[in-house]
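Colleague: Questions regarding the structure given below will be posed in turn.
The values are calculated or read from the model by the stated rules, or taken from the named source; none is laboratory data. Nothing here was measured: the structure is a model prediction, and the numbers come from that model. Glycine also receives a Cβ, built like all others from the backbone with ideal geometry; neighbour counts cover every protein chain displayed.
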Amino acid sequence: MIRRLDGRRAAANRSFCAFALFLATLGGLGCGEVFRPIAQPIPLPSPNPAAAHFVASVSSNGVSARGALSRIDVSGDSVASVIAAGVAPVAAALTANGGKIYVANSGEDTISASSASGFGPATTIALPQLCDASGCAGSRPVFAATTENARMYVANAGNGTISVINTTSDVVVATVPVDPAFAASPQPLPNRTASPVALTETRDGSKIYAVNQGSGTVTSISTVDDTVLKVISVAASPVWAVSRSDSARVYVLDSRGTISVIDTLSDTVISSSASAGAGANFMFYDTVLNRLYVTSPALGQVAIFDVSGDPPRPVTTSPVAISVAPSSLCTQAPVPVAVTVLADGSRAYVAAYQRDPSGSVCTQASVIDSGTGMVTKVIPISESMEVAQTGCPLARFRVFAASSGGGTNANFKVYVSQCDAGSVAIIDTFAVNGGPDPHSSDMVMATLNAPLSSFPGNLVPPPQNPVFLAAGP
């Protein structure tokens, strides 16, 4: 009897487990387990572009307070982090791999160095004062540039030198006078008139060129041993320079609009015939089509040059006039001051502003189709009131433009900083036909305020004033 009973119990247990296993195949329940619902993921659209892309915005906080560096996440159209910079920051540059960013603080002779991930406080790098019998001259850094990972170069307008920073230790390892006549030991003598205001490094990392606005020269510096190779005379008051992608040419822009072409092998000017018009201030090099885009604020136009050969040759439609956005609330002529080109070379975006006698400032972006060389759209962005204490009327770039990284599965976006409005506008360059927010191409899809300033406000302080943008890889 006992054996027969045990047998029946064993059979019953086998039947129960078989039934339980049957349920498990239906609902995920195993013998002896507790039922748990299975969450099925719902596929969502991928971020646009990929989350790895970012844009850094440099904001000023007046002439005596610390500014800020905002890291903007391209995928989320949001500010991912904010890091305090120094006094009166004016420019920034990333290492070649995008791992670190360096901000030039013109008001306190320092550089703010930070991981491009945007977390943790910045490292402050002091730049040297240089002294002679007349006294001491501060560095007044106004520009930074590199095509390397290990070194960053800084233009010091205050004492006529270039600071070389080791990006591993964040220490100044060399101070190079742009004019060898001021060389001395252990530090150079101050050169108060040369005023280097821009830098460009060849893509192969062999030389860096300093644009010396005060002396009308360009200094070629070896990156191997930080020595001056040659001081090259160019037209008066050079303001900007870019290096061609093959490292064979450097193009130097002066305030009269003349473009001087430097052969980097001999460090000589081989052409100075191309002109973008008087008052030119900024030049962007498109690596895809081998073109230069040059903004001329005084003339309200952008000149476009083909630089696949020598000398630079204007494209058929150059110069391109910048017109007022159709719905602009301002009446004055637009002042174009910066331009960026999408990484695929398909379109250029010109950032401009209008300033009315009433103090209203309107900002806009004009879209130039690279194939036709014509403006296809003028995008109104914002209207704000000029506030003298912000320093925007004296900013080198009252508006600025930068384009994000992108690719086959990640559409490009364009960012426009607006000093007077205290914000950065985000333009989606591609049309979206479905989803919750369909829109045509080249639409302003978001506006991000800069960090709060130290100025008084009614309830909260107004935002700081963006003056420069640097796009990550």
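A quick yes/no check of all residues on (1) assigned to a loop (DSSP other than H, G, I, E, B); (2) at negative phi; (3) aromatic (Phe, Trp, Tyr):
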| residue | (1), (2), (3) |
| --- | --- |
| GLY214 | yes, yes, no |
| LEU265 | yes, yes, no |
| GLY279 | yes, no, no |
| LEU289 | yes, yes, no |
| LEU292 | no, yes, no |
| SER308 | yes, yes, no |
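Colleague: So VAL154 passes all but one of these: (1) surrounded by fewer than 24 Cβ atoms within 10 Å (Cβ to Cβ); (2) touching a residue at least 40 places away in the same chain (Cβ under 8 Å). Which condition number does it fail?
Modeller: It fails just one condition, (1).
Colleague: When the range 84-109 is examined, which residues are found to be over 20 Å from ALA401 (Cα atoms), aliphatic (A, V, I, L, M) and buried (at least 21 other Cβ atoms within 10 Å of the Cβ)?
Modeller: ALA85, the sole residue that qualifies.
Colleague: Do any residues in the range 374-399 that are charged (D, E, K, R) have Cβ atoms under 6 Å from those of residues that are surrounded by fewer than 17 Cβ atoms within 10 Å (Cβ to Cβ), where the two are at least six apart or on different chains, and which pairs are they?
Modeller: From residues that are charged (D, E, K, R), the pairs are GLU383/LEU329; GLU386/GLY359.
Colleague: Just the residues that are within 16 Å of ALA93 (Cβ to Cβ), among the charged types (D, E, K, R) and part of a strand (DSSP E or B), please, taken from the range 129-159.
Modeller: ARG151
Colleague: Let me ask something else. Run down THR408, THR390, THR372 and say which single residue is of a type in the set (Ser, Thr, Tyr), surrounded by fewer than 18 Cβ atoms within 10 Å (Cβ to Cβ) and either modelled with pLDDT of 95 or more or within 30 Å of VAL142 (Cβ to Cβ) (or both).
Modeller: Values: THR408 fails: either modelled with pLDDT of 95 or more or within 30 Å of VAL142 (Cβ to Cβ) (or both); THR390 fails: surrounded by fewer than 18 Cβ atoms within 10 Å (Cβ to Cβ).
One residue alone meets the criteria, THR372.
Colleague: Quick check on my filter: what residues within the range 316-328 are at pLDDT 95 or above and surrounded by fewer than 16 Cβ atoms within 10 Å (Cβ to Cβ)?
Modeller: Within the range 316-328, the first condition is being at pLDDT 95 or above, and the residues that meet it are 316-325, 328.
THR316, THR317, ALA321, SER323, listed by residue number.
Colleague: So for the range 190-207 (the condition being in contact with a Leu (Cβ under 7 Å, 6 or more places away or on another chain) and among the aliphatic types (A, V, I, L, M)), does at least one residue qualify?
Modeller: No, the conditions are met nowhere in the range 190-207.
Colleague: Given the conditions (1) in a strand (DSSP E or B); (2) of a type in the set (Ser, Thr, Tyr); (3) more than 27 Å from PHE455 (Cα to Cα), which single one is not true for SER169?
Modeller: Going through (1) in a strand (DSSP E or B); (2) of a type in the set (Ser, Thr, Tyr); (3) more than 27 Å from PHE455 (Cα to Cα) one by one, SER169 breaks only (1).
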